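Take a look at the structure set out below.
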Amino acid sequence: MDRRKFVKTAGLSAIAISTTGFKLIEENGVITTNCATSKDMLGPFFRKNAPIRHDLTYDDNPSEIELKVIGQIFEADCDKSLSNIELDIWHCDHRKKYDMESEEYKCRGKIFTNENGEYWFKTFVPPPYQGRPKHIHYLIQESENYQELVTQIYFKGDKKIKKNNWVKYPWDENRILNIYQNAEGIAEVKLDLFLKRK
Ligand SMILES: [Fe+2]
């Protein structure tokens, strides 16, 4: 069931605003949210001015799983897709290093949503580092109408997720993504994002 329908049929039995600003909806003891993307930490490895590109792969990478990441960006009303939204993505390379200096901007990119609010990029599943689960960072900067969104995606089955303080609530689990094989035979994950109006 999509979340919009859930919100309608749940009858809004109980609503509270969490400390992170989400509406929490309680129905039969189950707490969920309306359309919102929970935040995660920016971390120390963000770099400005990453190149605009959809392909973050590189030649000397022995990692096995090439991954396509897709999704759509909406307003928090769950419905209005947002075109031309700038999204920064970054993760560590196969040696667990973040490229902080080189002109290559390895494993970093900037993409924009298309006219339907869709985004995609190609990369690989990065390794875990410093006890953290495998993850990819996302940043959408504050714009005229929307608040900044800083978040991360994780991958289902990663046992390190349990230890991660940033994935501890039910709504954070939306960002733990299932890897499936798409029609082209490529491993793929999907995450829709929801931006809050100012
Ligand atoms: Fe990281």
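Read the figures in this text as sums done on the coordinates, not as results from a lab. Because the structure is predicted, anything quoted here is derived from the model rather than measured. Here the Cβ positions follow ideal geometry from the backbone for every residue, glycine too, while neighbour counts run over all protein chains shown.
Things to note:
- Scalar couplings 3J(HN,Hα) for the stretch 74-84, obtained by applying the Karplus form with A = 6.51, B = -1.76, C = 1.60 to θ = phi - 60°, are 10, 6, 5, 7, 6, 10, 7, 7, 10, 8, 6 Hz; x denotes Gly and Pro.
- Peptides 125-138, 174-187 ranked from most to least packed by the mean count of surrounding Cβ atoms within 10 Å: 125-138, 174-187.
- Entries in LYS80/LYS162; LYS110/LYS160; LYS39/LYS97; LYS97/LYS156 that, when Cα-Cα distance is taken, lie over 25 Å: LYS80/LYS162; LYS110/LYS160
- Of all DSSP bridge pairs formed entirely within the stretch 35-195, close to 70 percent run antiparallel.
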